[in-house]
Amino acid sequence: MSILVLAEHHDGALAGATAHVVAAAQAIGGDIDVLVAGEGVGAVAEAAAKFDGVSKVRVADSAAYAHLLAEPTAALVAELAGDYSHVLAAASTTGKNVLPRVAALKDVAQISEIIAVESPDTFKRPIYAGNAIATVQSEDALKVITVRSTGFDAVAEGGSAAIEAVDFVADNAQSTFVKEELAQSDRPELGAAKVVISGGRGMGNGENFKLLDGIADKLGAAIGASRAAVDAGFVPNDMQVGQTGKIVAPELYIAVGISGAIQHLAGMKDSKVIVAINKDEEAPIFQVADYGLVADLFEALPELESKL
Amino acid sequence: MKVLVAVKRVIDYNVKIRVKPDHSDVDLTNVKMAMNPFCEIAVEEAVRLKEKGVATEIVAVTIGPKAAQEQLRTALALGADRAIHVETDERVESLGAAKALAKLVEEEQPGLVILGKQAIDSDNNQTGQMLAALTGLPQGTFASAVNVEGDKVQVTREVDGGLQTVELTLPAIVTTDLRLNEPRYAKLPDIMKAKKKPLDVKSPADLGISVGSRVKLLKVEPPAERQGGVKVGSVDELVDKLKNEAKVIS
């Protein structure tokens, strides 16, 4: 078997998710190549070459792959896929955008968001917002898979894989990049943070999310939100933790003013330690919390900040 | 411009699902079904494009069992002009659905196809991207804004860490994210009118395709239950437990 992992990167740096995808590839077994596509991605390729277990890094460095637009990137991956039994990418917005397109170009199914590898053709994945876990077996010769990062521990670094250039340049007259507006933050990325503190509808409004800032600063935490808080317009959607947002599994997850809807739990229930702060002692969030504090968040948050 | 909208019949998002005792699948007997929430957003966007004078006709499509016509009638009540039902009792996967839709795109020649980004049953998030590949069209996935200008469409996409805007040549495929719009409810007179709107039924064989599955569903299990812990009485106790018991803060 031979596996191609599509690397994810932002601003010239390899994204943390890729180390988890390589771990999933190791669980499948076989030779592992990493594909780094993009423009000016030399440093990304060098970082990917350090992953344990990687045989080769293939680099497609071209303006055609800037911003990893789906059309050219999928054409590239499909072009290379003939050399492999598996193509893997992170179940990020990039991986989810590109890999189904690759699968259809190759006339095979795609398996989304695997959380475990049972055998080279059999995988576990959540369905119904994580309320059921399906075990599925692919009947295709080529398996195209997105990997949920929280299901696999990141591989260590220590390798020195060979780096080789890929010449194929995809034509793309159909899509152009216009702009990107990324949230500017000194805080860790939600998906990679060791501590996450999230606010829900109980926060009352967007302004009150500032109450989480000081605590997040002290804990080095990322700030998240429930879908209810996003739907209410308190905060942008990229902060959403849940089945329809980001799936996180930090060491410590602090849920503030979040009732604990199923769709939110699906996004954070694999966290190591969960703390819930909510004034409603019947809130379902307490059924999954390791430590529950029944309190008014407007009193508890300033106190917590001062005592950390 | 004609707009094609794909909708899927799924378990109502308010229903708590149960896994069958034999672990063969999720139990859907006597469970309330509805239009997939992301598909509702897709229908709403198409209707808004028609209200703005951008779309001239909206064709709603579904692939699935006979009962899925309920969801087509819902789309018609919300403002679609006519509907196409690709009827099958097979378990339809994303690739099969995309193949059926690709044939309909060939027949109907829409300027824009709008789909939900994922269905809340299988959570695959694939069909729109696959349809784009099969038709050779560009894709704007996870859209939070869609602006048609001349022969191009600008799609603002919800990506990890923020928003990305891409410009696509038409025809194009768009999949919807949560913040694209807030779907309206169908009014009773419109529900009555929808019953008289045209609904065409085809089989996968009529389209010359097979929607059969390539992925075997071996087992469906309930997720591991997480045990609730303890209630703490004060912020001090919480900080103490996190430091000394859980050892997750220092």
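The values are calculated or read from the model by the stated rules, or taken from the named source; none is laboratory data. Keep in mind that what you see is a predicted model, and the values were worked out from it rather than measured. No Cβ is skipped: glycine too gets one built from the backbone with ideal geometry, and neighbour counts run over all protein chains shown.
Here's the yes/no breakdown for (1) among the aromatic types (Phe, Trp, Tyr); (2) free of Cβ contacts under 8 Å to residues at least 24 places away in the same chain; (3) at the interface with another protein chain (Cβ under 9 Å from one of its Cβ atoms):
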{"site": "B:LYS193", "(1), (2), (3)": "no, no, no"}
{"site": "B:LEU207", "(1), (2), (3)": "no, no, no"}
{"site": "B:GLY212", "(1), (2), (3)": "no, no, no"}
{"site": "B:VAL220", "(1), (2), (3)": "no, no, yes"}
{"site": "B:ALA224", "(1), (2), (3)": "no, yes, yes"}
{"site": "B:GLY229", "(1), (2), (3)": "no, yes, yes"}
{"site": "B:SER234", "(1), (2), (3)": "no, yes, yes"}
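Quick one: is B:VAL113 facing another protein chain (nearest Cβ under 8 Å) and surrounded by 21 or more Cβ atoms within 10 Å (Cβ to Cβ)? So that I can check it myself, show each step before the final result.
Details: facing another protein chain (nearest Cβ under 8 Å): no; surrounded by 21 or more Cβ atoms within 10 Å (Cβ to Cβ): yes.
No, not satisfied.
Summed over region A:174-193, residues that are outside any strand (DSSP E or B) and without any contact (Cβ under 8 Å) to a residue 40 or more places away in the chain total 5. Taking the listed residues B:LYS231, B:LYS197, B:LYS193, B:LYS243, the one that is basic (Lys, Arg), surrounded by fewer than 16 Cβ atoms within 10 Å (Cβ to Cβ) and outside any helix (DSSP H, G or I) is B:LYS231, with no other qualifying.
One line per residue, one yes/no per condition, for (1) closer than 21 Å to B:THR175 by Cβ; (2) exposed (fewer than 15 other Cβ atoms within 10 Å of the Cβ); (3) in contact with a His (Cβ under 9 Å, 6 or more places away or on another chain):
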| site | (1), (2), (3) |
| --- | --- |
| B:PRO21 | no, yes, no |
| B:GLU45 | yes, no, no |
| B:VAL59 | yes, no, no |
| B:LEU78 | yes, no, no |
| B:ASP81 | no, no, no |
| B:VAL86 | yes, no, no |
| B:LEU95 | yes, no, no |
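Of all the listed residues (A:SER259, A:SER198), the sole one being outside any loop (DSSP other than H, G, I, E, B) and either at pLDDT below 95 or of a type in the set (Ser, Thr, Tyr) (or both) is A:SER198.
Taking region B:61-76, which residues are of a type in the set (Lys, Arg) and either farther than 19 Å from B:ALA186 by Cα or crowded, with 24+ Cβ neighbours inside 10 Å (or both)? Walk me through it before giving the result.
Of the residues in region B:61-76, the ones of a type in the set (Lys, Arg) are B:66, B:73.
The one that is of a type in the set (Lys, Arg) and either farther than 19 Å from B:ALA186 by Cα or crowded, with 24+ Cβ neighbours inside 10 Å (or both): B:LYS66.
Before we move on, is A:SER226 more than 10 Å from every other protein chain (Cβ to nearest Cβ), closer than 11 Å to A:SER198 by Cβ, among the polar types (S, T, N, Q) and crowded, with 18+ Cβ neighbours inside 10 Å?
Numbers: more than 10 Å from every other protein chain (Cβ to nearest Cβ): yes; closer than 11 Å to A:SER198 by Cβ: yes; among the polar types (S, T, N, Q): yes; crowded, with 18+ Cβ neighbours inside 10 Å: yes.
Taking the combined requirement at face value, the residue satisfies it.
No other residue among B:LYS16, B:LYS99, B:LYS50, B:LYS103 is among the basic types (Lys, Arg), more than 14 Å from every other protein chain (Cβ to nearest Cβ) and either crowded, with 16+ Cβ neighbours inside 10 Å or free of Cβ contacts under 8 Å to residues at least 24 places away in the same chain (or both) apart from B:LYS50. Entry remark, region A:273-308: residues being more than 7 Å from chain B (Cβ to nearest Cβ), farther than 11 Å from A:SER259 by Cα and in a loop (DSSP other than H, G, I, E, B) number 2 in total.
Test A:VAL144 against the stated conditions and say whether it is free of Cβ contacts under 8 Å to residues at least 40 places away in the same chain and part of a strand (DSSP E or B). In short, no. Could you list, in sequence order, all residues of region A:95-142 that are touching a Leu at 6+ places or on another chain (Cβ under 6 Å) and of a type in the set (D, E, K, R)? Answer for region A:95-142, where residues must be touching a Leu at 6+ places or on another chain (Cβ under 6 Å) and of a type in the set (D, E, K, R): just A:LYS106. Starting from residues that are crowded, with 19+ Cβ neighbours inside 10 Å and assigned to a loop (DSSP other than H, G, I, E, B), keep the ones in region A:147-173 and report whichever is nearest to the chain's Cα centre (by Cα). It comes out as A:ARG148. Restricting attention to region B:141-155 and to residues that are at the interface with chain A (Cβ under 8 Å from one of its Cβ atoms) and touching a residue at least 24 places away in the same chain (Cβ under 8 Å), the residue that is farthest from B:ASP177 (Cα to Cα) turns out to be B:THR141. For the residues A:LEU212, A:LEU219, the requirement of being closer than 17 Å to A:ILE277 by Cα and away from every other protein chain (no Cβ under 12 Å) singles out A:LEU212.
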